[in-house]
Amino acid sequence: MDSIEIVKTKEGIDTLINTRINEHYHSLHGAMQESMHVFIKNGLLALNKNLPEIKILEMGFGTGLNAILTYRESYVLQKQIHYTTIESSPLPMAIINKLNYFEYFGKALLPIFQRMHDCNWFENMTFGDFVLFKINADMLEFKLDGSYDLVYYDAFSPTHQPELWSFEVLQKVYDSCNKGAMLVTYCANGEVKRTLKKVGFAVETLPGPKWKREMIRASK
Ligand SMILES: C[S@@+](CC[C@H](N)C(=O)[O-])C[C@H]1O[C@@H](n2cnc3c(N)ncnc32)[C@H](O)[C@@H]1O
């Protein structure tokens, strides 16, 4: 049985730890700066500016931090964003409500964040130009049928969940990507880079968020 606890990252913002596998939901150096660097700056803001709308797939909804940061960015981009996210173990609201995220990006986003968690799975939920579609399923079994421009690959690390970084799963992700799509992940593992190349991605190693040397961006 999973046990989830709140821990503070070095920048003061909370994250969670799954004590069964001893894995954090974000870097202990800073949840916000990691999400902003890996997924927003090197993913969302690095995409082809001419895309009329952006279809994002997230592996692991978790606390919803990437989702709310992407929503916030959709204002700046002024583009439709379709955000599909897969999660096998949704977190209880009792935990979500205790996170101190809004000390970091303002109380105005709190009602949106709560609706993102409260809304039904397998139904589109519209927040202005941002459409959220949450899939409550196991990534290993779920058949992806979308066509994505950007993938936030935010699974637990290959050390703890190697099956989520396998050739079969990453190939399934590759097949669901449009030409020119990008996959970004905090992970910089050599074996993961080799697997991404084998499935057909062009792989770049980029500087990581603060206190982490590298991250991966892969393009189709
Ligand atoms: C690193 S955390 C994601 C953090 C999240 N993106 C956030 O912003 O809080 C990994 C997430 O993947 C989920 N997960 C683990 N195995 C999964 C699987 N086989 N299928 C779908 N989700 C899975 C976990 O429950 C956890 O929420």
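What lysines sit close enough to Lys197 to cross-link, taking a C-alpha to C-alpha distance under 28 Å and skipping anything fewer than 8 places away on the same chain?
Qualifying lysines at Cα under 28 Å: Lys41, Lys49, Lys55, Lys143, Lys172, Lys179, Lys210, Lys212, Lys220.
Could you pull out every residue, at least 5 positions away or on a different chain, whose amide H is within less than 5 Å of the one on Glu11? Hs are placed 1.01 Å off N in the peptide plane, and Pro or chain starts have none.
Gly30, Ala31
Points 7 angstrom from Cα along the Cβ direction at Ile21 and Lys198: gap in nanometres?
Output for this residue pair reads 2.0 nm.
How do the peptides 192-198, 41-47 rank, highest first, by the average count of neighbouring beta carbon atoms within 10 Å per residue?
Descending packing order for the listed peptides: 41-47, 192-198.
So what's the back-of-envelope 222 nm ellipticity for the chain, counting only DSSP H runs of four-plus at -39500 (n - 2.57) apiece and dividing by all residues, rounded to 500?
The helix contribution divided over the chain gives -6500 deg cm²/dmol.
Please report the spacing between the Cα centers of region 175-220 and region 1-67 in Å, no decimals.
16 Å
For Ser89 and Asp145, FRET efficiency with R0 = 35 Å and r from the beta-carbon atoms, rounded to 0.05?
FRET efficiency, Asp145 to Ser89: 0.95.
Of the listed peptides 139-146, 61-68, 151-158, 81-88, what is their order by residue-averaged count of other C-beta atoms within 10 Å, with the highest listed first?
Ranking the peptides 139-146, 61-68, 151-158, 81-88 by packing returns 61-68, 151-158, 81-88, 139-146.
Would you please give the residues with an amide H less than 5 Å from that of Leu16, counting only those at least 5 places away or on a separate chain, with H modeled from the backbone geometry?
The list, which skips near neighbours in sequence, is Val7, Tyr25, His26.
Considering only Pro162, Pro207, Pro52, give the residue with the highest GNM mean-square fluctuation for the chain, with springs between Cα atoms whenever their separation is below 10 Å.
In this elastic network of the chain, the residue with the biggest mean-square fluctuation among Pro162, Pro207, Pro52 is Pro52.
Take every DSSP beta bridge whose two residues both sit in region 80-168, then give the antiparallel share in percent to the nearest 5.
Percentage antiparallel, nearest 5: 35.
Would you mind checking which residues have amide H under 5 Å from Cys177's amide H? H placed 1.01 Å from N; only 5 or more apart, or other chain.
The answer is Tyr148.
At q = 0.20 Å⁻¹, what is the log10 ratio I(q)/I(0) for region 100-201, with the Debye formula run over Cα points and no solvent?
Debye curve over Cα of region 100-201, log10 I(q)/I(0) at q = 0.20 Å⁻¹: -1.13.
Per residue and in cubic angstrom, what volume does the convex hull of the Cα atoms of region 30-219 have?
Here the figure is 117 Å³ per residue.
By DSSP, what percent of the beta bridges with both residues in the chain are antiparallel, rounded to the nearest 5?
50 percent
A short reminder: the numbers here are calculations on the coordinates, not readings from a lab. Worth saying up front: this structure is predicted, and the values here are computed from it rather than measured. No Cβ is skipped: glycine too gets one built from the backbone with ideal geometry, and neighbour counts run over all protein chains shown.
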